[in-house]
1. Having 3 or more residues that are modelled with pLDDT of 95 or more is the bar; report the strands (runs of 3 or more DSSP E) wholly within segment 195-266 that clear it.
2. For segment 8-45, name all the residues that are in a loop (DSSP other than H, G, I, E, B), without any contact (Cβ under 8 Å) to a residue 40 or more places away in the chain and touching a helix residue (DSSP H, G or I) at 6+ places or on another chain (Cβ under 8 Å).
3. Under the condition of being out of contact with any helix residue (DSSP H, G or I) (no Cβ under 8 Å at 6 or more places or on another chain) and within 14 Å of residue 164 (Cβ to Cβ), which residue from segment 207-224 is nearest to the ligand (Cβ to nearest atom)?
4. Being away from the ligand (no atom under 11 Å from the Cβ), surrounded by 16 or more Cβ atoms within 10 Å (Cβ to Cβ), within 16 Å of the chain's Cα centre (by Cα) and over 27 Å from residue 301 (Cα atoms): is that true of residue 24 here?
5. Among the numbered criteria (1) closer than 16 Å to residue 98 by Cβ; (2) out of contact with any helix residue (DSSP H, G or I) (no Cβ under 8 Å at 6 or more places or on another chain); (3) surrounded by fewer than 22 Cβ atoms within 10 Å (Cβ to Cβ), which single criterion is violated by residue 183?
6. Taking the conditions exactly as written (surrounded by 13 or more Cβ atoms within 10 Å (Cβ to Cβ) and assigned to a loop (DSSP other than H, G, I, E, B)), does residue 69 satisfy them or not?
7. Could we say that residue 36 is over 30 Å from residue 283 (Cβ atoms), modelled with pLDDT of 95 or more, away from the ligand (no atom under 16 Å from the Cβ) and surrounded by fewer than 20 Cβ atoms within 10 Å (Cβ to Cβ) here?
8. Of all residues in segment 175-184, how many are in a helix (DSSP H, G or I) and either more than 9 Å from the ligand (Cβ to nearest atom) or free of Cβ contacts under 8 Å to residues at least 40 places away in the same chain (or both)?
Ligand code: GLU
């Protein structure tokens, strides 16, 4: 009988601002799912998109996680220390003819694209996939995809299928500014860290088929996925730095944890918000039920924190 790999989960914030309620939900969901499975929970700082990093945000996020009573396993992995690994994996894809150089500017893609991609941008029209036009040089590196169904069964959201060539197009692994793309970094690091289970916000659901495609191209195993509903404001926008979601304060830890638990469908009693953080976690570990998590992509908050 094949051995079942041990559960190892992770929380992978980008240090683009303080931890806010939306990211707290992902932290709570991934943490409790890991602990309920007797698994490990790792924290990875996704600081690969350096222009978006805010000085001090990484330390601020870790300090807030600590003040909120999270205990992670092992050292925090920072993506900024992993550039050689991303370069080596990109080279493997280039050598296999799976990644190719692309000369297109944003403008050229906009002019040639015929339809939108699943995540709102434009589906890459494939201009450079059979070679660079004469006299042009590569600015970015893209991964070749096909139009067969790439899918998976999400533990919460059910069957997700994309036809990558139509739905996304050949996607970027290394950007024109030289930075490695999130899709490459996340696939390489989930494999490197031996992640068996990814629990994160449903805003990343549409990225998952690309990550699975990359895992297959690189010969990696595919983890299990559970995409949690994301918190939105009344206008239906995801709580994020862009929508100016406020950072969490250490003094509100118990109340905010109770709110996050309720958001995830857990019947945390009101009194818990008035006791200590340790008691909230004791309740959460004893009562956590992934079956109670709403099977929804987004839930608007009545009174956003
Ligand atoms: N770093 C990403 C974010 O903050 C999350 C990546 C992931 O969980 O795969 O949105």
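1. Working: elements: 197-201, 224-228, 230-232.
Because the criterion is at least 3 residues that are modelled with pLDDT of 95 or more, the strands (runs of 3 or more DSSP E) in segment 195-266 that meet it are 197-201, 224-228.
2. Pass one, segment 8-45, residues in a loop (DSSP other than H, G, I, E, B): 12-19, 37-39.
Checking the rest, the ones that are also without any contact (Cβ under 8 Å) to a residue 40 or more places away in the chain come to 14, 38.
Correct list: 14 only.
3. In the first step, residues of segment 207-224 are kept if they are out of contact with any helix residue (DSSP H, G or I) (no Cβ under 8 Å at 6 or more places or on another chain); the result is 208, 212, 216, 219, 224.
So of that shortlist, the ones also within 14 Å of residue 164 (Cβ to Cβ) come out as 208, 212, 216.
On the way: 208: 9, 212: 12, 216: 17 Å.
If we take residues in segment 207-224 being out of contact with any helix residue (DSSP H, G or I) (no Cβ under 8 Å at 6 or more places or on another chain) and within 14 Å of residue 164 (Cβ to Cβ), then 208 is nearest to the ligand (Cβ to nearest atom).
4. Values: away from the ligand (no atom under 11 Å from the Cβ): yes; surrounded by 16 or more Cβ atoms within 10 Å (Cβ to Cβ): yes; within 16 Å of the chain's Cα centre (by Cα): yes; over 27 Å from residue 301 (Cα atoms): no.
No.
5. Of (1) closer than 16 Å to residue 98 by Cβ; (2) out of contact with any helix residue (DSSP H, G or I) (no Cβ under 8 Å at 6 or more places or on another chain); (3) surrounded by fewer than 22 Cβ atoms within 10 Å (Cβ to Cβ), only one is false for residue 183: (2).
6. Details: surrounded by 13 or more Cβ atoms within 10 Å (Cβ to Cβ): yes; assigned to a loop (DSSP other than H, G, I, E, B): yes.
Yes; evaluated as a whole, the condition is true for this residue.
7. On the way: over 30 Å from residue 283 (Cβ atoms): no; modelled with pLDDT of 95 or more: yes; away from the ligand (no atom under 16 Å from the Cβ): yes; surrounded by fewer than 20 Cβ atoms within 10 Å (Cβ to Cβ): yes.
Judged against the criteria, residue 36 is not a match.
8. Applying the first criterion (in a helix (DSSP H, G or I)) to segment 175-184 yields 182-184.
Filter once more, keeping what is either more than 9 Å from the ligand (Cβ to nearest atom) or free of Cβ contacts under 8 Å to residues at least 40 places away in the same chain (or both): 183-184.
Looking only at that region, the number is 2.
The values are calculated or read from the model by the stated rules, or taken from the named source; none is laboratory data. Note that the structure is a prediction, hence the values are computed from the model and not measured. Note that each Cβ is placed from the backbone with ideal geometry, even for glycine, and that neighbours are counted across all protein chains shown.
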